[in-house]
Amino acid sequence: MRQLLAIPAFVRLWVAAFFGETAEWILQVALPLFLFTSTGSAAATALSIVLGLLPTVLLSPVAGVVADRWNRRAVLAAVCAGQAVVVLPLLAGSAIPVALVYVVMAVQAGLSSVFEPARNALVPELVGAGEVTGANGLMSVNGSVARLAGGWAGGVLLGWGGLESVVLGYLGALALAGLLLVRPFKRVGSATAAAPVKEPVLAAWLAGLRELTGDPRLRATGVATVLAAVAQGMFLVLFVVFVLDVLGGSEADAGLLRGVQAIGGLAAGFAVATVARRVAPVTLLAWGSLVTGVLSALIWNLAFATTALGVYVGLFMVVGAPAVVTGAGLLSHLQGVASPERAGRVLSTVFAVMAAGTAAGALLAGTLVAVTGPAVLLDVQSGIYVLAGLVLLGWGKGRWWRSAGREVVTVEECRLSSPPVTSM
């Protein structure tokens, strides 16, 4: 971890990512709560989540090519500026039309679809291939703290000052992220700067798609990723219903429970960045998914025995740990397998698949919750996470797991042959 913190470019990206993710969590928590309290409809909340995910699917070809064709640091700064402009209409007050909230969420998601592949493709350029898992662990620590701060702030700001306070808090965090991205980075390690891509956008995206579908290691990961995305989509809808209706909590309680997952995530992020940074990424992904499902099942079914908020605060802290392990394992696996010049396209395509799965899960939960009630669907949601982990562990008996082992060797060899620092 000290090696990573000694790289100024990575540290600056790390801090910028913290403020960017804090801003994102403020909106992610506040806007679905605003819609649910305004409409009283889980289906309306699900629709907002789908509209927030659809641009990620539709813009995947453009987002990946942008991340590979242009300076990734400049792309990140431009996206921050765009997100700040897009959210300004929400300052009109709590009487704004629900349709306007949907539009803002959709445009924000479109901009995020460019931000995420560019940021994650930039990490290997700053730290070198051999330190990618550790760097993702530290990024997960950031994400956990941002989740704690942003999730709590989103619920509190909405309950205290309405949507205007939420927007002002969002803009403040986003401005800090943008300022840290203004100056150029220095890159280090075996990664090279993103080379200009001359081929047309569609052809360039198809080249990245062929890399994704042509590698058996990436194809196998895709199955578990889709399952986990469907479970996550169901969670986004059912969590609001669970806290407000099952537990009888408030908007602030929902923000607190989303935020405290960061505490477990902090511990997991530090573990991935230190003692677990040499563990095969697919191992992290498999066990993270499995444990997330088991803990989720415990949380949902405990509501039959108690609705005391303090109990759930503790449990949500714990469940944040395997979620971070899963995310770090997936990112490290993709970064280790994809070629540097096509990393943005591979990442954007995977994110699009995840967004489509999440949208499907949200629609499923929003449609069925009024028929079955939340209890049944919550158990289905946790079961899908367990299935994702079992799929990966089952695959581990065969050719795919051995491929993952070769990936780890390749990453370590890259670390040992890293060239000197150059300007970017």
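Observations on the structure shown:
- Within segment 155-187, tally of residues that are out of contact with any Leu (no Cβ under 7 Å at 6 or more places or on another chain) and not aromatic (Phe, Trp, Tyr): 20
Results for (1) of a type in the set (S, T, N, Q); (2) modelled with pLDDT of 90 or more, shown as yes or no for each residue.
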site: Thr221; (1), (2): yes, no
site: Val272; (1), (2): no, no
site: Arg278; (1), (2): no, no
site: Leu295; (1), (2): no, yes
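- Verdict on Arg147 being basic (Lys, Arg) and either free of Cβ contacts under 8 Å to residues at least 24 places away in the same chain or out of contact with any Leu (no Cβ under 8 Å at 6 or more places or on another chain) (or both): yes
- Any chance Leu88 is in contact with a strand residue (DSSP E or B) (Cβ under 8 Å, 6 or more places away or on another chain) and more than 23 Å from Leu58 (Cα to Cα): no
- Evaluation of Glu116 against the conditions (1) at pLDDT below 85; (2) not in a helix (DSSP H, G or I) shows that the sole unmet condition is (2).
- Some residue of segment 313-321 being touching a Pro at 6+ places or on another chain (Cβ under 6 Å), open to solvent by less than 50 Å² (accessible area, probe 1.4 Å) and modelled with pLDDT of 75 or more: no
- Subset tally (residues that are under 21 Å from Gly361 (Cβ atoms) and open to solvent by less than 50 Å² (accessible area, probe 1.4 Å)) for segment 4-29: 3
The values are calculated or read from the model by the stated rules, or taken from the named source; none is laboratory data. Keep in mind that this is a model prediction, so the values were computed, not measured. Reconstructed Cβ throughout: ideal geometry from the backbone, glycine too, with neighbour counts over all protein chains shown. Ligands, DNA and RNA are stripped out before the accessible areas are found, and what is left, the full protein with its side chains, is counted by its heavy atoms. Shrake-Rupley method; radii C 1.70, N 1.55, O 1.52, S 1.80 Å.
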